[in-house]
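So the structure is just underneath, and the comments pick up after that.
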């Protein structure tokens, strides 16, 4: 399992990914899952992957091959970022069509997903989730993040914290906390954590880091977050066990 997420705000993009893969509790490995295909000054292209490792590695190799061969369609020839996301999806389909019969014969799950984010000249930054079938959806201001892999543990903080107006620094902290919350509850997600922050319209990657196991910042952010959660929990009002619901009052659901 893995966990990757992308965040888009009016200020740019944040994409983060863990590096753990496993084929059971006795076979744990580390593989990079966040990749930079950017062309400085012209376009920013960031891709994170989850799912079947052989499929995602073959897809990445296909993208690199098209660039080396200067194919008519490659990551640098499209003028719309949506077309880049669709192109990545087409490569996933192509690899799956080749390998699916053999993987199905062995009962191997061949599904995979990608987060593709970045910007091309003449457009604003965009963020897409590319599904195993090759289709994609775009993150919008109303829900400015996308997740793949083990998503459930890291989603609550994103739901409660992020807006399209969130600063990039806060979005980056939120991404790290989201991954840390997932690592706390699921051993199949783990460091190193790769993180990239891109400032809109700069067309260069100025901020990226790799947080390894035992990193002081990871330890500190987990310690502070747990302390803050405990304090917030202690501030919660106690239940009113004598409360009687007025039958004339409808239930109220709060967002």
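No lab work stands behind these numbers, since they all come straight from the coordinates. These numbers come from a predicted model, not from an experiment. In this analysis, Cβ positions are derived from the backbone assuming ideal geometry, glycine residues included, and neighbour counts consider all displayed protein chains.
Scanning for something under 24 Å from residue 142 (Cβ atoms), part of a strand (DSSP E or B) and touching a helix residue (DSSP H, G or I) at 6+ places or on another chain (Cβ under 7 Å), does segment 15-24 turn up at least one residue?
Yes, there is a match, as at least one residue in segment 15-24 is under 24 Å from residue 142 (Cβ atoms), part of a strand (DSSP E or B) and touching a helix residue (DSSP H, G or I) at 6+ places or on another chain (Cβ under 7 Å).
Within segment 49-66, is even one residue under 30 Å from residue 161 (Cα atoms) and in contact with a helix residue (DSSP H, G or I) (Cβ under 7 Å, 6 or more places away or on another chain)?
The answer is yes, given that some residue of segment 49-66 is under 30 Å from residue 161 (Cα atoms) and in contact with a helix residue (DSSP H, G or I) (Cβ under 7 Å, 6 or more places away or on another chain).
Which residue is nearest to residue 123 (Cα to Cα), if the candidates are limited to segment 203-246 and must be in contact with a strand residue (DSSP E or B) (Cβ under 7 Å, 6 or more places away or on another chain) and surrounded by fewer than 13 Cβ atoms within 10 Å (Cβ to Cβ)?
206
Residue 117 is checked against (1) part of a helix (DSSP H, G or I); (2) buried (at least 21 other Cβ atoms within 10 Å of the Cβ); (3) touching a strand residue (DSSP E or B) at 6+ places or on another chain (Cβ under 7 Å) and fails just one. What number does that condition carry?
Single failed check for residue 117: (1).
Pick from 122, 107, 134: which is part of a loop (DSSP other than H, G, I, E, B) and touching a helix residue (DSSP H, G or I) at 6+ places or on another chain (Cβ under 6 Å)?
134
Looking at segment 32-47, can you tell me whether even one residue there is in contact with a strand residue (DSSP E or B) (Cβ under 9 Å, 6 or more places away or on another chain), part of a helix (DSSP H, G or I) and surrounded by 13 or more Cβ atoms within 10 Å (Cβ to Cβ)?
No, segment 32-47 contains no residue that is in contact with a strand residue (DSSP E or B) (Cβ under 9 Å, 6 or more places away or on another chain), part of a helix (DSSP H, G or I) and surrounded by 13 or more Cβ atoms within 10 Å (Cβ to Cβ).
Of the conditions (1) within 25 Å of residue 198 (Cα to Cα); (2) in a loop (DSSP other than H, G, I, E, B); (3) more than 19 Å from the chain's Cα centre (by Cα), residue 64 fails just one. Which one is it?
(2)
Go through segment 170-189 and give me each residue that's closer than 21 Å to residue 29 by Cα, in contact with a strand residue (DSSP E or B) (Cβ under 6 Å, 6 or more places away or on another chain) and surrounded by fewer than 22 Cβ atoms within 10 Å (Cβ to Cβ).
188
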